[in-house]
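Since every read-out is calculated from the coordinates, none of them should be taken as a lab result. Just so it is clear, the structure is predicted and the values come from calculations on it, not from any experiment. Note that we place each Cβ from the backbone using ideal geometry, even for glycine, and neighbour counts take in every protein chain shown.
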Amino acid sequence: MLNKKSVDDINVKGKRVLVRCDFNVPLQDGKITDENRLVAALPTIQKLIRDGGKVILCSHLGKPKGEPKPEMSLAPVAVRLSELLGQEVKFAADPEVVGPNAKAAVAAMNEGDVVLLENTRYRAEETKNDDTFSKELASLCDVFVNDAFGTAHRAHCSNVGVTKFVDTSVVGYLMQKEIDFLGNAVNNPKRPFVAILGGAKVSSKISVIENLLDKVDMLIIGGGMSFTFSKAMGGKIGNSLCEDDYLEYALKMIQKAKDNGVKLLLPVDNKIGDAFSNDCNIQIAKAGEIPDGWEGMDIGPETEKLFADAVKDAKTVVWNGPMGCFEMPNFASGTNAVAAALADLDAVTIIGGGDSAAAVNILGYGDKMTHISTGGGASLEFLEGKELPGVVAANDK
Ligand code: AMP
């Protein structure tokens, strides 16, 4: 059980609080094109303002590779955050992040004021978790709050290194939610516990499959990765995506499921195409009977029903990876069907980040899920059962 101190467990009145946020928003010509991450950060920031903290915000944006790149400045974020918070967010425009502007701005803060530092990845030390930059960040604050789940699987100065030099390090509301759902619900689930995995490759989810087979009552596998399992069992898969190096691994996982008493469900039919294109000719084929010259692009209608029925009694469902090439409208049906089935459940439904999170939102089921993770890589590492450095670094309760 991960039991970390959060912003609800500390008194920040009059204290300088450095908050690591995820302000890695898409920018086009200096304009923010999707502000979801800013809006998501508001509850933690507003709580600290209300409690009389001096709130110093920091984040990375893009990959400036350790040097100042004006097009990746956080300046537009300061402007939009000021509007969203209804109060000034003072931008400390130091190319070295912790420079004269940041120091002066922090020294002049009153309770409830907000300052935003420049892009932490302007500093080459940031991604090396180097002590020099970590100490500089720590020198600005009395308390550290990590609310950036997207980088929790990385040990960088602004989310891990800094905690070595600050007495109090806690998590914000966004991080707390990820810990509660991805960390604790997966390790201590209400049963039956079903995991649904999809996406392109087996190889990118090996540890996820292994770890979940020790935890779930049922594992459902769809998407491109299912064809490696199908071929391993002697099926014909035509030109479908397949990783021949993982055929033996697939057989091992089928055996592991049997040994652990986990029900393993694979597609019974597929929507197949004669080219990797939305406009190809389309047929339905039984699983393992895909003709030469055709490839599996989505699960088929029988499989949609099978998977939807299989989750009906579940009390916890974790889903990562689409059931087919959902970006092509003709092959989005399987992913849509799984999203719709989950939306109807009286269960804890947790969507791992990345493509499945995007699919659920695009398909309009976002508010029907218990939790949609904000971190792609970080959520996969949680599902692998790994300890995330950004989570470990926060003080225990
Ligand atoms: P991942 O990042 O591993 O979760 O994979 C997501 C990608 O898998 C998406 O871009 C899907 O289009 C792709 N995908 C899912 N099913 C298939 C399939 N049957 N054939 C090819 N690509 C697929």
When only DSSP loop residues count, what trypsin sites (Lys or Arg not before Pro) in region 1-100 have their Cβ near at most 15 other Cβ atoms within 10 Å?
Lys13, Lys65
1/(1 + (r/R0)^6) with r = Cβ-Cβ of Lys397 and Arg50, R0 = 22 Å, i.e. FRET efficiency to nearest 0.05, evaluates to 0.50
List the trypsin sites (Lys or Arg not before Pro) in region 266-354 that DSSP assigns to loop (not H, G, I, E or B) and whose Cβ has at most 13 other Cβ atoms within 10 Å. Which are they?
Lys312
In nm, give the distance between the simple-model label positions of Lys252 and Ser277, each being 7 Å from the Cα along the Cα-to-Cβ direction.
4.0
Within region 1-107, count lysine pairs with alpha carbon atoms under 22 angstrom apart where the residues are 8 or more positions apart or belong to different chains.
25
I need the phi-derived Karplus couplings for region 156-173: 6.51 cos²θ - 1.76 cosθ + 1.60, θ = phi - 60°, integer Hz, Gly and Pro marked x.
10, 4, 7, 10, 10, x, 4, 5, 5, 10, 10, 5, 10, 10, 10, 9, x, 5
Would you mind getting me the FRET efficiency between Glu35 and Lys368? Use the beta-carbon distance for r and R0 = 22 Å, nearest 0.05.
0.50
Compactness of the chain, expressed as Rg and Dmax over alpha-carbon positions, Å
23.1, 71
Note down the nm distance, to one decimal, between modelled labels 7 Å out along Cα→Cβ at Asp344 and at Thr132.
6.0
Given labels modelled 7 Å from the Cα in the Cβ direction, how far is it in nm from Arg191 to Lys63?
4.3
Return the long-range amide H neighbours of Val89 (sequence gap of 5 or more, or a different chain), with a cut-off of under 5 Å between placed amide H atoms.
Ser82
Can you list residues whose amide H is under 5 Å from Val170's amide H, if they're 5+ apart or on another chain and H is modeled 1.01 Å from N?
Phe144, Val145, Asn146, Asn395
Taking GluC sites (Glu not before Pro) as candidate sites, keep only those in a DSSP loop with at most 14 other Cβ atoms within 10 Å, then name the longest stretch of the chain containing none of them.
112-326
For the chain, built as a Gaussian network whose Cα springs stay under 10 Å, the top-fluctuating residue of Ile362, Ile351, Ile56
Ile362
Which residue, Ile49, Pro26, Ser134, has the largest displacement toward the positive end of the dipole of region 7-174 when charges sit on each Cβ (Lys, Arg +1; Asp, Glu -1)?
Ser134
If the cut-off is a Cα-Cα distance under 23 Å, which lysines reach Lys312, setting aside same-chain residues fewer than 8 apart in sequence?
Lys190, Lys215, Lys258, Lys263, Lys368
Sorted on mean Cβ neighbours within 10 Å (highest first), peptides 252-258, 316-322 come out as 316-322, 252-258
Region 304-359 and region 370-397: distance between their alpha carbon centers, rounded to Å
21
